[in-house]
Amino acid sequence: MARHQLARRLPGAMLVALLSAVAFLWASPFLWTVVASFRPEGAGSAGMASLLPDFTPTLENFRNALESGTFGLYYVNTLVVVTGLLAVQCVTVSLAGYAFARLRFPGRDALFYAFLLQLMLVPPALIVPNLRTVVDLGLYDSLPGVMAPYFASAFGTFLMRQTFLALPRDFEEAAAIDGAPWWAIVWYVLLPMAKPGLIAFAIVSVTAHWNEFLWPLMVINSPANQTLTIGLAAFTRGAEGGKEWGVLAAGTLLVMAPLAVAFVTFQRRFVDSFVFSGVKG
């Protein structure tokens, strides 16, 4: 009996061990970054083989990184881009999702599927036309120029359409009977119930534009307008020249830490939002 139970548990234990090994390999670059960022200068090799700390942790690398690069300015610019863009996107994707989910007009479905074709276009394919448009609008080398091409989102429209379709019509029909205009129905009835869908879209939008590198690199020319990813690239060139791996790791951790902390703090809310938004009505 004991041998039989052991044979039944063995595949599960092997699966757990395999998944743990894969998770460790996947997380090893992040672990190396954390260890290297707290390693004092001259404490030995910071290679992948030395993931376990054999030193007294120090914040000296973070102090040097903050003094070497203007991370405060990079944070402000990135927050302006991310929050401003998300505010505009919440308006555009909510109205577009409402139109495709609730309004009836000729060619609605065909227009929706044509709108989704944007998802099949890789962003680098649109750099040249977007850059010409930004220059013509006088937005080159400005934070609004970084945000402009993303004010409309096909993914956000699809997500909000699916979210609105999953909501019952009873409340909005009651509001319409009471004489509420369409904008009041959207603002006071639908959006509060669609909050999980908005949160799910906000997660995707903030993560994507916080980490975006290529488009800001093409649009931004002045150091005063650089975002975190562009500033980190400029910072790493100087750190690599001096082989300051600890300072380089500290600067990298400064860029990625806010998203990591937000995910750990609101992990359950993130999962619940995506589960709710995935329900199809």
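The values are calculated or read from the model by the stated rules, or taken from the named source; none is laboratory data. Note that the structure is predicted; figures quoted are calculated from it, not measured. Cβ: placed from backbone, ideal geometry, glycine included. Neighbour counts: every protein chain shown.
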Is it the case that the stretch 172-182 has a residue that's within 22 Å of Val88 (Cβ to Cβ), surrounded by 13 or more Cβ atoms within 10 Å (Cβ to Cβ) and over 17 Å from the mean Cα position of the chain (by Cα)? yes
Hey, among the residues in the stretch 135-177 that are small (Gly, Ala, Ser) and in a helix (DSSP H, G or I), which one's farthest from Val80 (Cα to Cα)? Ala174
Filtering the stretch 81-98 for residues that are more than 16 Å from Lys195 (Cα to Cα) and without any contact (Cβ under 8 Å) to a residue 40 or more places away in the chain leaves a count of 1
Does the stretch 65-80 contain at least one residue that is small (Gly, Ala, Ser) and free of Cβ contacts under 8 Å to residues at least 40 places away in the same chain? yes
Taking only pairs six or more apart or across chains, which ones have beta-carbon atoms under 7 Å, a first residue in the stretch 229-246 that is modelled with pLDDT of 80 or more, and a second residue that is basic (Lys, Arg)? Gly246/Arg39
So Ala152 fits all but one of (1) modelled with pLDDT of 90 or more; (2) closer than 30 Å to Pro223 by Cα; what number is the exception? (1)
Quick check: anything in the stretch 176-190 of a type in the set (A, V, I, L, M), touching a residue at least 40 places away in the same chain (Cβ under 8 Å) and over 22 Å from Tyr74 (Cα atoms)? yes
Does Phe158 satisfy the condition of being at pLDDT 90 or above, in the same structural domain as Ala101 (by TED's automatic domain parsing) and aromatic (Phe, Trp, Tyr)? yes
Residue, modelled with the lowest pLDDT, within the stretch 88-124, restricted to residues that are aliphatic (A, V, I, L, M) and loosely packed, with under 10 Cβ neighbours inside 10 Å: Val122
Any idea which of Thr236, Thr207 is over 26 Å from Val128 (Cβ atoms), touching a Leu at 6+ places or on another chain (Cβ under 7 Å), assigned to a helix (DSSP H, G or I) and not acidic (Asp, Glu)? Thr236
